[in-house]
Amino acid sequence: AQSVAQPEDQVNVAEGNPLTVKCTYSVSGNPYLFWYVQYPNRGLQFLLKYITGDNLVKGSYGFEAEFNKSQTSFHLKKPSALVSDSALYFCAVNVGATNKLIFGTGTLLAVQP
Amino acid sequence: DGGITQSPKYLFRKEGQNVTLSCEQNLNHDAMYWYRQDPGQGLRLIYYSQIVNDFQKGDIAEGYSVSREKKESFPLTVTSAQKNPTAFYLCASMDWPQETQYFGPGTRLLVL
């Protein structure tokens, strides 16, 4: 079965430090991978995606993600965290002609000042 | 949240009542999706539509119904058959060349 795993329910990081939010996937075929961010009581905002090409993808608000096919991972990273980055982050994968997204359970990022 | 609107922001359902959640987009996207979000479970797909007058069941379609009579609109009805409707409902639409889904602001459904 196709699935996405976010192994950490919560990640805590100090402002100014680098952050990583982990995501691994299990799909057949070539995955299209996405990261979204959600602030409280709001919809999801698109951050970045990997379709093909360079394994390092740059997105909105200084975030980037690295696609690693051998480890089936797509970790989200940022060199220097901001308090305003505190939110719920979702990894998702799209496989197939119907373009349905399979989501991970989300990781709450808490950035302390 | 772009050009996708959802209304109302909060909705209260009484026992045995059907309620309809609105989703409208002005992005000229062909595909639209409805997801349900519960704490700790991520998002789960309820229904999706890739083109007007056509829609497909997602992973948790039981107790829900949809229609797609116009490209801009994809309303979701939560029927009385849905026994646990309390959740945050998110609508999304997708542009085919970019294959990226964009989400509306959501509707929170509560049961009285």
I'd like to verify a number: residues in segment B:63-85 that are over 12 Å from B:VAL19 (Cβ atoms) and of a type outside the set (Phe, Trp, Tyr), how many? 11
Please specify each residue of segment B:69-104 satisfying the condition of being of a type in the set (Ser, Thr, Tyr) and touching a Leu at 6+ places or on another chain (Cβ under 9 Å). B:THR77, B:THR86, B:TYR89, B:SER93, B:TYR102
Could you grab the pairs with beta carbons closer than 9 Å, sequence gap of 6+ or different chains, first residue in segment B:41-63 and within 13 Å of B:LEU76 (Cα to Cα) and more than 8 Å from every other protein chain (Cβ to nearest Cβ), second one outside any strand (DSSP E or B) and of a type in the set (A, V, I, L, M)? B:ILE46/B:ILE60; B:ILE46/B:ALA61; B:TYR47/B:ALA61; B:GLU62/B:ALA81; B:GLY63/B:ALA81
For A:ARG42, which of the numbered conditions (1) under 20 Å from B:ARG36 (Cβ atoms); (2) among the basic types (Lys, Arg); (3) in contact with a Leu (Cβ under 6 Å, 6 or more places away or on another chain) fails to hold? (3)
Spans of strands (runs of 3 or more DSSP E) in segment A:1-91 with at least 3 residues under 11 Å from the mean Cα position of the chain (by Cα), within 14 Å of chain B (Cβ to nearest Cβ) and at negative phi: A:32-38, A:44-50
Filter result for B:THR107 (of a type in the set (S, T, N, Q), within 12 Å of chain A (Cβ to nearest Cβ), in contact with a Leu (Cβ under 8 Å, 6 or more places away or on another chain) and touching a residue at least 12 places away in the same chain (Cβ under 8 Å)): yes
Are there any pairs, at least 6 apart or on different chains, whose C-beta atoms fall under 8 Å, with the first in segment B:5-19 and away from every other protein chain (no Cβ under 13 Å) and farther than 16 Å from B:TYR64 by Cβ and the second surrounded by fewer than 12 Cβ atoms within 10 Å (Cβ to Cβ) and at pLDDT 90 or above, and if so, which? B:PHE12/B:LEU110
Members of segment B:67-100 that are part of a strand (DSSP E or B) and farther than 26 Å from B:HIS29 by Cα: none
Among residues of segment A:17-56 being charged (D, E, K, R) and free of Cβ contacts under 8 Å to residues at least 12 places away in the same chain, the residue nearest to A:HIS75 (Cα to Cα) is A:ASP54
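The values are calculated or read from the model by the stated rules, or taken from the named source; none is laboratory data. Predicted model only: the values in this text are computed from it and were never measured. For neighbour counting, all protein chains shown are included, and Cβ atoms are generated from backbone atoms with ideal geometry for every residue, glycine included.
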